[in-house]
Amino acid sequence: MMPSVQSKLTPAEVKRAEVKQAEVKQAWVKRSRWMLPLVILIGSAVVLVIKLQQHTSSPANFQVSQRGREFRLGMLNVKQDDIVHIVNDDGDLSHHAYVASERFRFDSGDQEPDGRADITFTVAGTFNVLCGIHPKMRLVVNVH
Ligand SMILES: [Cu+2]
């Protein structure tokens, strides 16, 4: 029969082994204390890089018609800094696109036939583009 390892150790050696074990455990606890903040830090950095990429990606362009005294399409989903081109393709009619929100304002002035007004939506939110000449005209723009 093989003698157990324990039986070969003197009490002093057992004590030393226990101390060593406690030190290793303490070192691990010390190290793991940094893990959560480290994971949060790396996670935040990844989110920041993704946000920056989204922000620096070139803006998209959308075209909206004003034919028949109506904005077509009547609703758009865009990203911040995207550009909406509003084209007066409504025969010999004039239009006048504007946004009068507290957070975002735009005024095209009079839009002559075949004229174009470009709106860059620089803030997120939902905005109504209206026509100063035809009160029933409305374009809803959701800026994400
Ligand atoms: Cu109009």
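Just so you know, all these numbers are worked out from the coordinates, no wet-lab data involved. Quick caveat, the model's predicted, so the values are computed rather than measured. Note: ideal-geometry Cβ built from the backbone for every residue, glycine included; neighbour counts use all protein chains shown.
Rounding to the nearest 10 and keeping the result within 0 to 90°, find how far the Cα-based axis of helix 35-56 lies from the longest principal axis of the chain. The helix 35-56 is inclined about 20 degrees to the chain. Taking amide H as placed 1.01 Å from N in the peptide plane, the amide H of Gln111 sits under 5 Å from that of His95, His96, Ala97, each at least 5 places away or on another chain. For the chain, the longest principal axis of the C-alpha atoms and the axis of helix 11-32 are separated by about 10°.
If a spin label sat at a point 7 angstrom from the Cα of Arg67 along the line to its beta carbon, the backbone N atoms of the stretch 112-126 nearer than 19 Å would be those of 112-117. Simple spin-label estimate for Lys30 and Ile50 gives 3.6 nm between the two label positions (7 Å along the Cα-to-Cβ direction from each Cα). Here Ile40 and Asp81 are evaluated by their C-beta separation; at R0 = 25 Å the FRET efficiency comes out at 0.30.
The alpha carbon convex hull volume per residue for the stretch 61-143 rounds to 71 Å³. Here the chain yields Rg over Rh of 1.63, to two decimals, using C-alpha coordinates and the Kirkwood radius. Between amide H atoms placed 1.01 Å from N, distances below 5 Å from Leu76 occur with Val140, Val141, Asn142, all of them 5 or more places distant or on a separate chain.
Computed from label points 7 Å out along Cα-Cβ, the spacing between Leu9 and Thr120 is 7.2 nm. Note that the stretch 97-105 has calculated 3J(HN,Hα) couplings of 7, 8, 10, 10, 8, 5, 8, 8, 10 Hz, one per residue in order, obtained from phi through the Karplus relation 6.51 cos²θ - 1.76 cosθ + 1.60 (θ = phi - 60°); glycine and proline are x. The ratio of the alpha-carbon radius of gyration of the stretch 11-57 to the globular-protein estimate 2.2 N^0.38 Å is 2.17.
Need the list of aspartates and glutamates near Lys30 for cross-linking: C-alpha distance under 19 angstrom, and skip anything on the same chain fewer than eight residues off. Filter leaves Glu18.
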